1. Going through the range 207-257 one residue at a time, which ones are of a type in the set (Ser, Thr, Tyr) and either touching a residue at least 60 places away in the same chain (Cβ under 8 Å) or surrounded by 18 or more Cβ atoms within 10 Å (Cβ to Cβ) (or both)?
2. Looking at the range 75-96, which of its residues are in a loop (DSSP other than H, G, I, E, B) and either surrounded by 17 or more Cβ atoms within 10 Å (Cβ to Cβ) or of a type in the set (Ser, Thr, Tyr) (or both)?
3. Please verify whether Leu40 is of a type outside the set (Asp, Glu), assigned to a helix (DSSP H, G or I) and within 14 Å of Ile235 (Cα to Cα), treating the condition exactly as stated.
4. Regarding Ser194, is this residue of a type in the set (Gly, Ala, Ser) and either surrounded by fewer than 24 Cβ atoms within 10 Å (Cβ to Cβ) or within 18 Å of Ala98 (Cα to Cα) (or both)?
5. Pro57 - would you say it is part of a loop (DSSP other than H, G, I, E, B) and crowded, with 24+ Cβ neighbours inside 10 Å?
6. With respect to Leu102, determine if the residue is under 19 Å from the mean Cα position of the chain (by Cα), surrounded by fewer than 18 Cβ atoms within 10 Å (Cβ to Cβ), among the aliphatic types (A, V, I, L, M) and on the phi < 0 side of the Ramachandran plot.
7. Does the range 163-171 contain any residue that is touching a Pro at 6+ places or on another chain (Cβ under 9 Å), within 25 Å of Met24 (Cβ to Cβ), modelled with pLDDT of 90 or more and not aromatic (Phe, Trp, Tyr)?
8. With respect to Thr46, is the statement that it is surrounded by fewer than 16 Cβ atoms within 10 Å (Cβ to Cβ) and among the hydroxyl-bearing types (Ser, Thr, Tyr) true?
Amino acid sequence: MSQIKEAILETISQGDKAFIPYIMAGDGGLEKLKPINLKLQELGVTAIEVGIPFTDPVADGPTIERAGERALAKGATLRKVIETLRSFADEITIPLVAMTYLNPILAYGVEKFSKDAYNAGIRGVIIPDMPLEEKDIVYPELKNVGIDLVQLVSLTSTPERIEKLTKASEGFIYAVTVNGITGARSSFEGDLESHFKKIQSYTDTPVLAGFGISTPDQVKQFGAFSSGVIVGSKIVDCLAKNDWVSIENLVKASKFTTV
């Protein structure tokens, strides 16, 4: 079993829900990557999604896009992020999930990227601009070292598409909760509970909710009918303000055994 799936199932077995914070690597400087990861690990998150800054992001809302611009201005690159993660990999006991785009991986070299990423503690990769039909560009090398290729399922995906995506996804299913880009939302539209049940009916891989989740109440709301949540823009905003109290409250909301 993949380390990510195992970590999520272990969390669920304790009566809680998975909580995966998204961070933009290099925002504020790569030297912040270690203390941020260690602090999040200390708070009890299930895994950490590490965003790689990119010049042409397709899925990022304004908060994450600005964080990526700040990281790029500080000189962050895929290679430098992996080198930095590798420097403290022995201190990280939870899986890391890299969110990057296809071009940086191709420029790095798929085989070398896969090996270096694994040695840096990365156990999953999300590539939002790579269609499922093109996954073999990277999948064999990722599989060879033991890195999961996580798929995103949108609200507009047909049942046939959902079935294909869920069968291909490893570690967890990234179920997008809104139409459009990332960013905090005050409310969500549609019968999301039924949508999540439909996705879960195709697979025993955990289904996690992501995009727009920004409050403890929303963490609880989505945790009630999913395996857990991914929180991005709100975490990035809190880190920029050094607001660890709000981050801790978000993580606590996923601990169903104590709330």
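1. If we filter the range 207-257 for residues that are of a type in the set (Ser, Thr, Tyr), which is where we start, we get 214-215, 226-227, 233, 246, 254, 257.
Within the range 207-257, Ser214, Ser226, Ser227, Ser233, Ser254, Thr257 qualify.
2. In the first step, residues of the range 75-96 are kept if they are in a loop (DSSP other than H, G, I, E, B); the result is 75-77, 88, 92-95.
Ala76, Thr77, Ile92, Thr93, Ile94, Pro95, listed by residue number.
3. Numbers: of a type outside the set (Asp, Glu): yes; assigned to a helix (DSSP H, G or I): yes; within 14 Å of Ile235 (Cα to Cα): yes.
Yes: the conditions hold for Leu40.
4. Numbers: of a type in the set (Gly, Ala, Ser): yes; either surrounded by fewer than 24 Cβ atoms within 10 Å (Cβ to Cβ) or within 18 Å of Ala98 (Cα to Cα) (or both): yes.
Yes: the conditions hold for Ser194.
5. Details: part of a loop (DSSP other than H, G, I, E, B): yes; crowded, with 24+ Cβ neighbours inside 10 Å: no.
The answer is no for Pro57.
6. Details: under 19 Å from the mean Cα position of the chain (by Cα): yes; surrounded by fewer than 18 Cβ atoms within 10 Å (Cβ to Cβ): yes; among the aliphatic types (A, V, I, L, M): yes; on the phi < 0 side of the Ramachandran plot: yes.
So Leu102 fits the description; yes.
7. So in the range 163-171, the residues touching a Pro at 6+ places or on another chain (Cβ under 9 Å) come out as 171.
Among the residues that remain, those that are also within 25 Å of Met24 (Cβ to Cβ) are: 171.
Okay, now just the ones that are also modelled with pLDDT of 90 or more, so 171.
Keeping just the survivors that are not aromatic (Phe, Trp, Tyr) gives 171.
Within the range 163-171, one or more residues are touching a Pro at 6+ places or on another chain (Cβ under 9 Å), within 25 Å of Met24 (Cβ to Cβ), modelled with pLDDT of 90 or more and not aromatic (Phe, Trp, Tyr).
8. Numbers: surrounded by fewer than 16 Cβ atoms within 10 Å (Cβ to Cβ): no; among the hydroxyl-bearing types (Ser, Thr, Tyr): yes.
Answer is no for this residue.
The values are calculated or read from the model by the stated rules, or taken from the named source; none is laboratory data. Note that the structure is predicted; figures quoted are calculated from it, not measured. All Cβ positions, even for glycine, are placed from backbone atoms using ideal geometry, and neighbour counts span all protein chains on display.
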